[in-house]
1. Pull up region 120-174, narrow it to residues that are β-branched (Val, Ile, Thr) and in a helix (DSSP H, G or I), then point me to the one that is modelled with the lowest pLDDT.
2. Here is a check on your reading of the model: is Phe27 in contact with a Pro (Cβ under 8 Å, 6 or more places away or on another chain) and touching a residue at least 60 places away in the same chain (Cβ under 8 Å)?
3. How many residues does region 3-30 hold that are at pLDDT below 95, touching a helix residue (DSSP H, G or I) at 6+ places or on another chain (Cβ under 8 Å), assigned to a helix (DSSP H, G or I) and not basic (Lys, Arg)?
4. If I go through region 180-192 residue by residue, how many of them are under 16 Å from Asn93 (Cβ atoms) and in a helix (DSSP H, G or I)?
5. Which residue is surrounded by the fewest Cβ atoms within 10 Å (Cβ to Cβ), if the candidates are limited to region 182-201 and must be without any contact (Cβ under 8 Å) to a residue 40 or more places away in the chain and among the β-branched types (Val, Ile, Thr)?
6. Can you name the condition, by its number, that Thr122 falls short on among (1) touching a Lys or Arg at 6+ places or on another chain (Cβ under 7 Å); (2) closer than 29 Å to Ala234 by Cα; (3) crowded, with 19+ Cβ neighbours inside 10 Å?
7. I'd like the full set of residues that are assigned to a strand (DSSP E or B) and either exposed (fewer than 15 other Cβ atoms within 10 Å of the Cβ) or touching a residue at least 40 places away in the same chain (Cβ under 8 Å) (or both), limited to region 34-93.
8. Report yes if Lys105 is surrounded by 17 or more Cβ atoms within 10 Å (Cβ to Cβ), basic (Lys, Arg) and modelled with pLDDT of 95 or more, otherwise no.
Amino acid sequence: MDKWKEYYSDTQIKKLQAIALENLRIFIEACETLRLTYFVYGGTLLGVEKYNKMIPWDDDIDVAMPRDSYMKFVKYAPKILPKEYYIQSPYNNKNCPYPYVKLRKRGTKYVEYINRNLNIETGIYIDIYPIDRIPDNEHLRRKQFKKVRKWILIYVYRQSRLFDKDEHSLIGHLKNLIKWGICNTCKVFSQKYCIKKIDQYMTMYNDTKTQRYAALNSPNYNNIYLKLYPLKKAMFNGIEVNIPGDHKTHLKMRYGDYSKLPPEEERYGHVPYILDLGDSKKE
């Protein structure tokens, strides 16, 4: 049995995907209004290539934007989005645990276990990542990746509430004490300073004419695009979307032989701790 079926019923995954797709439509409309550039990314791009729609077990949508478009989206999109949608980002939310942007829908909830103790809005979302130039030289690329990752880890720990409130054993208390120490040590740096350092190292080659691009603050931060432009059009669940110019090369670099299905135990996306699909009852 596909592993995703341990977390969702068929009805739940279909409705969750429908909400994510509506989020995508709203995002694309905002990009068109503001004349911003984007393309679908990660598992969403794989869904375009293999199915012309979402992967059957995928439970979110990923998009990416060139840095300039990304920052303009953060600044201007909130002014034009329908009232039931909102942007959550480290630039506008002091409790945001992510070093990137999410477009969320009000009246819904999607909470993962690791974020269960955070005081944040948790609407069903799409992930939005900035794309920056990276060095063609592998040694320089590794140095940049290490700097970005260091500050992402500091940011994530300072923003986290990793304590297990329901843990009452001695070992559990010791684990909570260690987590408390790590998180509070990272709070030496302000949220604003952490994001400044992340952005500084992510954008350090944007004025250099390199051939490679990457979304360095995504969970798979070292995914590389060699021939990103010009972007192309493709269909995705009946929606026309932008995709990278040489998307097949990127997919092969990231997934290997992506024509093959992963093992059943790997067919799942995220694991919801709380899921509310906005139909007046918890699913």
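1. Ile171
2. For Phe27, the condition - in contact with a Pro (Cβ under 8 Å, 6 or more places away or on another chain) and touching a residue at least 60 places away in the same chain (Cβ under 8 Å) - is not met.
3. The total comes to 2.
4. Residues meeting the conditions: 2.
5. Val188
6. Here Thr122 clears every test but (2).
7. First, pick out the residues of region 34-93 that are assigned to a strand (DSSP E or B): 39-40, 61-66, 85-88.
Once the filter is applied, which keeps residues that are assigned to a strand (DSSP E or B) and either exposed (fewer than 15 other Cβ atoms within 10 Å of the Cβ) or touching a residue at least 40 places away in the same chain (Cβ under 8 Å) (or both), region 34-93 yields Phe39, Val40, Ile61, Asp62, Val63, Ala64, Met65, Pro66, Tyr85.
8. Details: surrounded by 17 or more Cβ atoms within 10 Å (Cβ to Cβ): yes; basic (Lys, Arg): yes; modelled with pLDDT of 95 or more: yes.
In short, yes.
The values are calculated or read from the model by the stated rules, or taken from the named source; none is laboratory data. Every value quoted in this text rests on a predicted model; they were computed, and no experiment measured them. Here the Cβ is made from the backbone with ideal geometry for all residues, glycine too, and neighbour counts use every protein chain on show.
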